[in-house]
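The values are calculated or read from the model by the stated rules, or taken from the named source; none is laboratory data. Owing to the predicted nature of the structure, the values given are computational and were not obtained by experimental measurement. Cβ sites come from the backbone with ideal geometry, for glycine too, and all protein chains shown count toward neighbours. The protein model used for the area step is the full one, side chains on, heavy atoms only, and it has no ligands, DNA or RNA in it. Shrake-Rupley method; radii C 1.70, N 1.55, O 1.52, S 1.80 Å.
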Amino acid sequence: MDDIRKNNIAGDGESQKHVHGRGFSGKKMMIPAAVFLLSMFLTACGDKVYLKDIKAADYVTLGNYIGIEASAAEPVVEDGLVDMYIQYYILPNYTTTEEVNDRAVEVGDTANIDFTGYIDGEAFDGGTGTGFDLTIGAHQFIDGFEDGLIGVNIGETVSLDLKFPDPYERNPDLAGVPVVFEVTVNSISRQVTPELSNEFVQTLGIEGCNTEKDLRDYVYNYFYETEVQNYQNTIETTMTNAVMSECSFKEPPAKMVERFTQNLKDVMNANAVSMNMTLKDYMQEYYGLDPEGYEEKFQTEALTAAQQYIMFQAIADAEGLNPTEEQIQEEVDSRVEVYGYESEAKFKESTDMEMLREQVMRRNVMDYLKENGKIETISTIED
């Protein structure tokens, strides 16, 4: 069987691209230092140093942080993205396989076949298969094989007079050699993707989605919220970098840097597990980094994150922006609901509460910087 497959078979990855941000993209992703700031991985363990354990002003001399300028493109969902997502990422998830009993093989069908290949009247090694599912039009086998099955009915046997391609990298000895395949069609099936309809939408079980319009609005809102978050991230990253450039830093405590390093490893490992990948494979696939490269990157990013948090803490101390207990409780209540914890106690058992406090402090500082900054929203609509 292997000797009749083409070198390039269907499924080379072109049809398996994922949506990254706006539309299709094959680009590698960059690791943002802000991943530490946005992370929800708050598990506590080991001997760590937190901001509460130090005096931030001992590790940073603040510069100017009032009137910081930042700009970002207006959040916009590109035309066609909603329909593209529905067609390529929702409907195909509900594809079913249907048996075909009332017609012959057509392009797009999957034919279950038995076949034997003969060269000079003799069956040859690698040219025989039984119960093989062949999708017609996928170009898995040599030219002419799949086309020769179009129009064949279940139970029929056809003789295909073909020739191996020349050159033929899979088996150079067969290059250009005439071959006859005797093929029997055992059964025919076809993949059926549902059409978008009100009835289909109602089977999805999405709260508030009962019509095609409801689903489009639901997907649109998802992408729009993502664009808004990207907008906010751009503004906050720009302002953070600008404030940092005005500061001078001393080396932060090693245990604090270790904490942020482990935090990033946890985040990336969780991403890898969610995609059924090892950390090594995930980092290579999405960031182009080998173990030595990503360990070094983790260290660099962790140092930057530690400096950022120390800087935020120094501003919070100077401007009275440390979180209140009411703010902490509001954050706990919100995360218990969003992440579906059965109780507040269960949430706190699995959460680094001190790091949560640091994140709320950072949010207070960012709100202050934006309120006292100069932010420009750049329109993406052409005149």
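Summary table below
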quantity: Residue in segment 272-295 that is β-branched (Val, Ile, Thr) and either open to solvent by less than 40 Å² (accessible area, probe 1.4 Å) or closer than 30 Å to LYS370 by Cβ (or both) present; calculated: no
quantity: Meets criteria (of a type in the set (Ser, Thr, Tyr), over 17 Å from TYR50 (Cα atoms) and surrounded by 13 or more Cβ atoms within 10 Å (Cβ to Cβ)) for TYR309; calculated: no
quantity: Contacts under 7 angstrom Cβ, first residue in segment 323-339 being free of Cβ contacts under 8 Å to residues at least 12 places away in the same chain and more than 11 Å from LEU356 (Cβ to Cβ), partner open to solvent by 30 Å² or more (accessible area, probe 1.4 Å) and not in a loop (DSSP other than H, G, I, E, B), 6 or more apart; calculated: VAL336/GLU344
quantity: Which listed residue, of GLY151, GLY137, GLY155, is small (Gly, Ala, Ser) and within 13 Å of ASN112 (Cα to Cα); calculated: GLY155
quantity: Pairs where the first residue, in segment 297-314, is closer than 16 Å to TYR287 by Cβ and the second is open to solvent by 10 Å² or more (accessible area, probe 1.4 Å) and among the small types (Gly, Ala, Ser), C-beta under 7 Å, 6+ apart; calculated: GLU301/ALA33
quantity: Complete set of residues in segment 340-361 that are open to solvent by 20 Å² or more (accessible area, probe 1.4 Å) and among the charged types (D, E, K, R); calculated: GLU342, GLU344, LYS346, LYS348, GLU349, GLU354, ARG357
quantity: GLU212 vs. criteria free of Cβ contacts under 8 Å to residues at least 40 places away in the same chain, farther than 30 Å from GLY129 by Cβ and open to solvent by 70 Å² or more (accessible area, probe 1.4 Å); calculated: no
quantity: Hits in segment 342-383 (condition: in a loop (DSSP other than H, G, I, E, B) and within 20 Å of THR238 (Cβ to Cβ)); calculated: ASN372, GLY373, SER379, THR380
